[in-house]
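A.B. asks: Below: one structure in structure tokens.
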Amino acid sequence: MMGNEAGLKIEEMLCQLADATRIDGEIWRAAYTPEDRIAKNILREWIEEQGLEYREDAIGNVYGRLPGTEPGTVLTGSHLDTVKNGGKYDGALGVVTGVAALGYLKQSGYVPKHSLEVVGLMEEEGSRFASGCQGSRAICGTLKEEDLEEVGRDGVTLREALLSAGYQPEALKSAKRDDIQSIVELHIEQGPVLESEQKQIGIVDSIVGIFNYELTIQGSQNHAGTTSMSLRHDPVVAAAKFITESTRQMMEQAPSATLTYGMLQVFPGMQNVIADHVDLRIDMRDGSEEALLQDEVILKRALESIERKGFKTRLSKNHCLASAQMDPNVIQVIERHCKEKQLAYKHMNSGAGHDSMVFGKHFPTAMIFVPSIGGISHNPAEATAAADIQTGFELLCDVLKELSE
Ligand code: GLV
Ligand code: MN
Ligand code: MN
């Protein structure tokens, strides 16, 4: 492979996918939406152009397959969905690079012993159905009947959304795979480390655990002009204190943790009304379940400080994703090819969540990271240089070839 031809082509495909799925100028591909359907139609064309077999499973994961001569499957790919106002690369890069890699291998005459498949997974981000990773959970058999009753941010259940998009929630079990021998997910780093250390590739050793919470802080609704500052019981001020205090304590006492308040809603939400209550969503991450449980103590302590001021609070943990170790054997294969190709690489842990943390509990799984320009992600400015995409593509081809032989 010469130059950056594949990297440039993949970049062009990512732009095409993004431009076809914008809502009011912003990229947002949530599961079972018209944008999701458009993306799948485009993907289907690309998969079939490469001579791969296209299929969608009962809950909307899409596959492209290069059949092998013997049983067993090596899977690559990533998620097809995005966050609201997301970028072109998060998830999609792994899907498109997977299609390109399988197409390249097929065109070069390679016939794998074990089938090679690329997958575009459903709803990793949880931007519609907050628990996230529904696609990979279905493949692992851990998405259960009762999970289909999850209510999305538009008030529609997952089961209803599946039905209206033409899928078969009743056939959920058929999405489970028992033939997968190994999984390699290629993804952007989404942080600044590779770029700042001038590395071309990150080999992921582990992925953080994530606890998500919903918090309500209750105050007393009243008039903005007639209630003196000393008499009011303003939950917005309490929320500000709690956010500042919990952030400070977490940074001091749990430096490995991350704590994010990415969603705040003030009710009733009027400029001239002291609010009745504030709802917050909390994303807390750390390296292990034990660490997260300790972080939770810090969070609750910060909450007690506003409860002592007379605010009622309700904290509930709504989702947990366990941290995951990647498979040492798959890591070894990736590392050997990095060495053979004399790539600048480093082992690292992922602070972002991935379908690989779900897969990693069921199948030998590893991840390849490529650098993110400026470390920016979950942002329309997300980007990776074509030369780095090319490096990731070539490495992925070699790794998939070895794993499927
Ligand atoms: C997914 O991108 C996550 O880390 O939340
Ligand atoms: Mn993401
Ligand atoms: Mn992602």
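A.B. asks: Among the residues of region 37-81, write down those that are outside any strand (DSSP E or B) and touching a His at 6+ places or on another chain (Cβ under 9 Å).
C.D. replies: G68, T69
A.B. asks: Hey, could you check region 323-375 for residues that are part of a helix (DSSP H, G or I) and acidic (D, E) and say which is farthest from ligand 1 (Cβ to nearest atom)?
C.D. replies: Of everything passing the filter in region 323-375, E340 is farthest from ligand 1 (Cβ to nearest atom).
A.B. asks: Could you tell me whether region 103-111 includes any residue that is within 21 Å of the chain's Cα centre (by Cα) and not basic (K, R)?
C.D. replies: no
A.B. asks: Being in contact with a helix residue (DSSP H, G or I) (Cβ under 9 Å, 6 or more places away or on another chain), crowded, with 20+ Cβ neighbours inside 10 Å and more than 21 Å from P235 (Cα to Cα) is the filter here; which residues of region 272-302 pass it?
C.D. replies: M284, R285, D286, D295
A.B. asks: Take the residues in region 241-271 that are out of contact with any Asp or Glu (no Cβ under 9 Å at 6 or more places or on another chain) and more than 30 Å from H223 (Cα to Cα); name whichever of them is surrounded by the fewest Cβ atoms within 10 Å (Cβ to Cβ).
C.D. replies: Only one residue fits best here, namely P255.
A.B. asks: Oh, and also: Going through region 223-256 one residue at a time, which ones are touching a residue at least 40 places away in the same chain (Cβ under 8 Å), of a type outside the set (S, T, N, Q) and under 30 Å from S356 (Cβ atoms)?
C.D. replies: Residues satisfying the conditions are M250, A254.
A.B. asks: Now a separate question. If you scan region 347-376, which residues turn out to be hydrophobic (A, V, I, L, M, F, W, C), surrounded by fewer than 24 Cβ atoms within 10 Å (Cβ to Cβ) and away from ligand 3 (no atom under 15 Å from the Cβ)?
C.D. replies: M348, F363, I373
A.B. asks: Of the conditions (1) without any contact (Cβ under 8 Å) to a residue 40 or more places away in the chain; (2) within 23 Å of G109 (Cα to Cα); (3) in contact with a strand residue (DSSP E or B) (Cβ under 8 Å, 6 or more places away or on another chain), V99 clears all except one; give me its number.
C.D. replies: Condition not satisfied by V99: (1).
A.B. asks: Can you tell me how many residues in region 223-240 are surrounded by fewer than 16 Cβ atoms within 10 Å (Cβ to Cβ) and not in a loop (DSSP other than H, G, I, E, B)?
C.D. replies: Here the count works out to 3.
A.B. asks: For region 377-390: of the residues being surrounded by fewer than 17 Cβ atoms within 10 Å (Cβ to Cβ) and assigned to a loop (DSSP other than H, G, I, E, B), which is nearest to ligand 1 (Cβ to nearest atom)?
C.D. replies: H378
A.B. asks: Shifting gears a bit: Which of the residues belonging to region 63-86 are β-branched (V, I, T) and either more than 16 Å from ligand 3 (Cβ to nearest atom) or on the phi > 0 side of the Ramachandran plot (or both)?
C.D. replies: Correct list: T69, T73, V74.
A.B. asks: Hey, can you tell me all the residues within region 138-166 that are within 17 Å of N318 (Cα to Cα), assigned to a helix (DSSP H, G or I) and in contact (Cβ under 8 Å) with a residue 24 or more places away in the chain?
C.D. replies: Listed by number, the residues that qualify are L148, L158.
A.B. asks: Within region 168-189, track down each residue that is touching a strand residue (DSSP E or B) at 6+ places or on another chain (Cβ under 8 Å) and assigned to a loop (DSSP other than H, G, I, E, B).
C.D. replies: Once the filter is applied, which keeps residues that are touching a strand residue (DSSP E or B) at 6+ places or on another chain (Cβ under 8 Å) and assigned to a loop (DSSP other than H, G, I, E, B), region 168-189 yields R177, D179, E189.
A.B. asks: Does H337 meet the test of being more than 22 Å from P235 (Cβ to Cβ), in contact with a Ser or Thr (Cβ under 9 Å, 6 or more places away or on another chain) and either at pLDDT 95 or above or not aliphatic (A, V, I, L, M) (or both)?
C.D. replies: Judged against the criteria, H337 is not a match.
A.B. asks: What number of residues in region 94-144 are under 17 Å from T69 (Cα atoms) and either of a type in the set (D, E, K, R) or within 16 Å of ligand 1 (Cβ to nearest atom) (or both)?
C.D. replies: 3
A.B. asks: Next up: Can you list residue pairs whose Cβ atoms sit under 7 Å apart, with the first residue in region 352-371 being over 16 Å from V119 (Cα atoms) and the second being among the charged types (D, E, K, R) and within 16 Å of ligand 2 (Cβ to nearest atom)? Count only pairs 6 or more apart in sequence or on different chains.
C.D. replies: Matching pairs, first to second residue: F369/E189; V370/E189; P371/E189.
A.B. asks: Could you identify the single residue in G91, G51, G86 that is under 21 Å from R177 (Cβ atoms) and in contact (Cβ under 8 Å) with a residue 12 or more places away in the chain?
C.D. replies: Criteria check complete, one pass: G91.
A.B. asks: Kindly list, by first and then second residue, each pair from a residue in region 210-222 that is surrounded by fewer than 20 Cβ atoms within 10 Å (Cβ to Cβ) to a residue that is small (G, A, S), limited to pairs with Cβ atoms under 6 Å and residues at least 6 apart or on different chains.
C.D. replies: Close Cβ pairs satisfying both conditions: E214/S316.
A.B. asks: Among the listed residues G262, G287, which satisfies the condition of being under 24 Å from the mean Cα position of the chain (by Cα), in contact (Cβ under 8 Å) with a residue 12 or more places away in the chain and within 16 Å of ligand 2 (Cβ to nearest atom)?
C.D. replies: Residue meeting the stated conditions: G262.
The values are calculated or read from the model by the stated rules, or taken from the named source; none is laboratory data. Here the structure is a predicted model, which means the values were calculated and not measured. Here the Cβ is made from the backbone with ideal geometry for all residues, glycine too, and neighbour counts use every protein chain on show.
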